[in-house]
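Structure first, commentary second.
The values are calculated or read from the model by the stated rules, or taken from the named source; none is laboratory data. Remember, it's a predicted structure, so these values are computed and weren't measured experimentally. Virtual Cβ from ideal backbone geometry, glycine too; neighbours counted across all protein chains shown.
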Amino acid sequence: MSTYRRQPVAFVEGRGALLFDAEGREYIDLLGGIAVAGVGHAHPKIAAAIAAQSEKLIHTSNLFENPLQEELADRLAGLTGGMSSFFCNSGAEAVECALKLARKWGSTHKGPGAIEIVAAEGSFHGRTFGALAATGQPTKQARFAPMLEGFAHVGYGDLGAMEAAVGPKTAAVILEPIQGESGVIVPPAGYLAGVRALCDERDALLILDEVQTGMGRTGKWFSYEHSGIRPDVLCLAKSLAGGLPMGACLATPDVAATFVPGDHGSTFGGGYVQSAAALAVIDVIEVEGLCDRAAFLGERLAKALGTLFDRCEVRGAGLLIGVDLGAPLAGAFCSAALKRGVIVNDPTPSVVRFAPPLVIAEDEIDRALNVLQEVWDEIRPA
Ligand SMILES: Cc1ncc(COP(=O)(O)O)c(C=O)c1O
């Protein structure tokens, strides 16, 4: 179906932050499959883990115990201060799980009808009906009405608006720590901590959607660590299993206990091969120090982009960076960059997004910047 406007290029091979087309032409990937290839393309340890596991066992069912899924849940618990995991196959599904968990928690813990979810304008949480209802972008909802009820949207970064919206019927607030799809929007300092305090005061859950920001991308395992807070529920996907489809909804043990057998499920969720891949991803991030690397390279890249795109706003954290060109030039910029062998994308008409593999080499960044300088010199308004 025609759901994508595709660029006229196909890649047949990848290595680290490089991609190659069928003619052997090299591209420097500053997008990482939209923040999926955190450990890079064709990482030997991920490839080996997937190959070895697929030769042993690919699927049984969540009707049976799965030691790899348990090991992965333990590793994620270790990274999140003891959260429990539910595994699924995508970001949208991780959000669906979070929304169901919040509704059940609200109506049992706070009282009947306490099922409302407060989300942010401009947010993106996925395309399925629950996630779409949470998504604060009317253009993405249009033509699919009616939306699931019980959602309110307030301005992102506006603590006063959040205070006005969270009440006795609120089960949860759902937020991205940085809004990726809206053009890498970073909320004001203190916002997440303020929302955390508000949720505590009004007895509502805080769901953080770290589908795009998680797994080291912003320079910490999870972006919330920059704010010194913890969510009650955490959504992960994208880079979790190195490019295999996997999502996870994590919750503190108290909140996770809301679900009983039969409340939720997934045929493929937490399967053997995805779990083996995710365990290898966590190992690689640890062994190669990729959180620190994302912080270091992110600062370096943002600084260079600030010089290259003088007079444009450069924002983000770690290796999730948006450059606001201040005019609807991002599409033309990305197409021209692709033609010259550098991959970036345009989440909005005026923003160019950078989410390269965390393993990208410094000289690859430098080479890409030289190309982007040429492109910008060509495209920038006089
Ligand atoms: C913050 C966030 N949440 C959810 C999703 C949906 O993830 P998926 O496309 O895997 O369903 C995305 C995808 O871009 C995202 O950025």
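What pairs can you find where one residue is in segment 84-101 and under 20 Å from G242 (Cβ atoms) and of a type outside the set (A, V, I, L, M, F, W, C), the other is modelled with pLDDT of 95 or more and part of a helix (DSSP H, G or I), and their Cβ atoms are less than 6 Å apart, with a gap of 6+ or different chains?
S85/A73; S85/L76
Taking the stated definitions as given, is A37 touching a helix residue (DSSP H, G or I) at 6+ places or on another chain (Cβ under 6 Å), buried (at least 16 other Cβ atoms within 10 Å of the Cβ) and closer than 27 Å to G126 by Cβ?
When the stated conditions are applied, A37 does not pass them.
Name the pairs whose Cβ atoms lie under 6 Å apart, with the first residue in segment 307-323 and farther than 17 Å from A294 by Cα, the second among the aromatic types (F, W, Y), and 6 or more positions between them or separate chains?
From segment 307-323, the pairs are V323/F309.
Within segment 223-259, how many residues are surrounded by fewer than 24 Cβ atoms within 10 Å (Cβ to Cβ) and out of contact with any strand residue (DSSP E or B) (no Cβ under 7 Å at 6 or more places or on another chain)?
Within segment 223-259, residues that are surrounded by fewer than 24 Cβ atoms within 10 Å (Cβ to Cβ) and out of contact with any strand residue (DSSP E or B) (no Cβ under 7 Å at 6 or more places or on another chain) number 13.
Can you tell me which residues in segment 8-34 are surrounded by fewer than 24 Cβ atoms within 10 Å (Cβ to Cβ) and among the acidic types (D, E)?
Once the filter is applied, which keeps residues that are surrounded by fewer than 24 Cβ atoms within 10 Å (Cβ to Cβ) and among the acidic types (D, E), segment 8-34 yields E13, D21, E23, E26.
I'd like the residue in segment 287-307 that is out of contact with any Gly (no Cβ under 6 Å at 6 or more places or on another chain) and buried (at least 18 other Cβ atoms within 10 Å of the Cβ) and, out of all such residues, is farthest from N370 (Cα to Cα).
R293
Which one is nearest to the ligand (Cβ to nearest atom), of the residues in segment 192-220 that are over 26 Å from I115 (Cα atoms) and in contact (Cβ under 8 Å) with a residue 40 or more places away in the chain?
The qualifying residue nearest to the ligand (Cβ to nearest atom) is T213.
From the list D377, D324, exactly one residue is among the acidic types (D, E) and exposed (fewer than 15 other Cβ atoms within 10 Å of the Cβ). Which is it?
When all the criteria are applied, what remains is D377.
Looking for something outside any helix (DSSP H, G or I), over 17 Å from the mean Cα position of the chain (by Cα) and either farther than 29 Å from W221 by Cβ or at pLDDT below 95 (or both) - is there at least one such residue anywhere in segment 82-99?
No, the conditions are met nowhere in segment 82-99.
Could you grab me the full set of residues in segment 171-197 that are assigned to a helix (DSSP H, G or I) and touching a strand residue (DSSP E or B) at 6+ places or on another chain (Cβ under 8 Å)?
Matches in segment 171-197: L192, V195, R196.
Filter segment 227-256 down to the residues that are assigned to a loop (DSSP other than H, G, I, E, B) and within 11 Å of the ligand (Cβ to nearest atom) and list them by number.
Once the filter is applied, which keeps residues that are assigned to a loop (DSSP other than H, G, I, E, B) and within 11 Å of the ligand (Cβ to nearest atom), segment 227-256 yields A237, P245, M246.
From L175, L159, which residue is at pLDDT 95 or above, within 16 Å of the ligand (Cβ to nearest atom), out of contact with any Cys (no Cβ under 7 Å at 6 or more places or on another chain) and aliphatic (A, V, I, L, M)?
L175
For residues in segment 61-76 being without any contact (Cβ under 8 Å) to a residue 12 or more places away in the chain and in a helix (DSSP H, G or I), which is surrounded by the fewest Cβ atoms within 10 Å (Cβ to Cβ)?
Only one residue tops the list, namely P67.
Please go through segment 100-133 and give me each residue that is more than 9 Å from the ligand (Cβ to nearest atom), crowded, with 24+ Cβ neighbours inside 10 Å and part of a helix (DSSP H, G or I), ordered by number.
If the condition is that a residue be more than 9 Å from the ligand (Cβ to nearest atom), crowded, with 24+ Cβ neighbours inside 10 Å and part of a helix (DSSP H, G or I), then L101, A102, W105, G106 are the ones that fit.
For every residue, the table says whether it meets (1) surrounded by fewer than 22 Cβ atoms within 10 Å (Cβ to Cβ); (2) part of a loop (DSSP other than H, G, I, E, B); (3) out of contact with any Lys or Arg (no Cβ under 7 Å at 6 or more places or on another chain).
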residue: A145; (1), (2), (3): yes, yes, yes
residue: A152; (1), (2), (3): yes, no, yes
residue: Y156; (1), (2), (3): no, yes, yes
residue: G160; (1), (2), (3): yes, no, yes
